[in-house]
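*Asks:* So that we are looking at the same thing, I have put the structure below in structure tokens.
The values are calculated or read from the model by the stated rules, or taken from the named source; none is laboratory data. What you see is a predicted model, and the numbers here were worked out from it, not measured in a lab. Virtual Cβ from ideal backbone geometry, glycine too; neighbours counted across all protein chains shown. Quick note on the areas: whole protein, heavy atoms, side chains included, nothing else; ligands and nucleic acids left out. Shrake-Rupley method; radii C 1.70, N 1.55, O 1.52, S 1.80 Å.
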Amino acid sequence: MRARVEDGRTFLLGVYVTPLLRGEGLAEALLLEIERWAGKRGHDQLTLEVHEHNQRAQAFYRRMGFNDTGDRVPYPLAPQEHEVVMTKPSVVT
């Protein structure tokens, strides 16, 4: 998992669990840890971008409390495709 901080918000830049270990709760544990990290630093929002066709990841993030902002940004590897911007307004402290 990679993240960056900007204006009191934590941006998740990459979350990846190898296919053999998916379904073991690792992504949830990683996300909860980054929430704790952000909360301890007073960050009031987590933001991420997920590919528009990655329905599994979008469903996971919704289960974890993220909401689709309605914003779309070009996907860096294929600018004709888009990423969905999702945020979670509060973090675990």
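*Asks:* Leaving ligands and nucleic acids out of the surface, order Val50, Val73 by accessible area at 1.4 Å, largest first.
*Replies:* If we order Val50, Val73 from most to least accessible, we get Val73, Val50.
*Asks:* Using a Gaussian network model of the chain with C-alpha springs under 10 Å, which one of Leu13, Leu30, Leu77 is most mobile by mean-square fluctuation?
*Replies:* Comparing Leu13, Leu30, Leu77 in the GNM, the peak value goes to Leu77.
*Asks:* How big is the dipole moment of the chain about its Cα centre under a simple scheme where the beta carbon of each Lys and Arg is +1, that of each Asp and Glu is -1, and everything else is neutral? Debye, nearest 20, please.
*Replies:* Magnitude of the dipole: close to 260 debye.
*Asks:* Provide the per-residue ³J(HN,Hα) series for the range 9-14, in order, calculated from phi with Karplus coefficients 6.51, -1.76, 1.60 and θ = phi - 60°, each as a whole number of Hz, with x at glycine and proline positions.
*Replies:* The phi angles translate into 10, 9, 9, 7, 9, x Hz.
*Asks:* Which is farthest toward the positive dipole end of the chain among Thr18, Ala29, Ala3, measuring Cα position about the Cα centre, with Cβ charges +1 (Lys, Arg) and -1 (Asp, Glu)?
*Replies:* Ala29
*Asks:* Please list, ordered by chain and number, the residues whose modelled amide H lies under 5 Å from the amide H of Tyr75; skip anything fewer than 5 residues away on the same chain.
*Replies:* Glu81, His82, Glu83
*Asks:* On to the next question. Applying the Karplus parametrisation 6.51 cos²θ - 1.76 cosθ + 1.60 with θ = phi - 60° to the phi angles of the range 24-36, what ³J(HN,Hα) value in whole Hz is obtained for each residue in order, glycine and proline being reported as x?
*Replies:* Calculated HN-Hα couplings, in order: 9, x, 5, 4, 4, 4, 4, 5, 5, 5, 5, 5, 4 Hz.
*Asks:* Leaving ligands and nucleic acids out of the surface, order Thr87, Thr10 by accessible area at 1.4 Å, largest first.
*Replies:* Thr87, Thr10
*Asks:* Which whole-number percent is the relative contact order of the chain (Cα, under 8 Å, 6+ apart)?
*Replies:* 30
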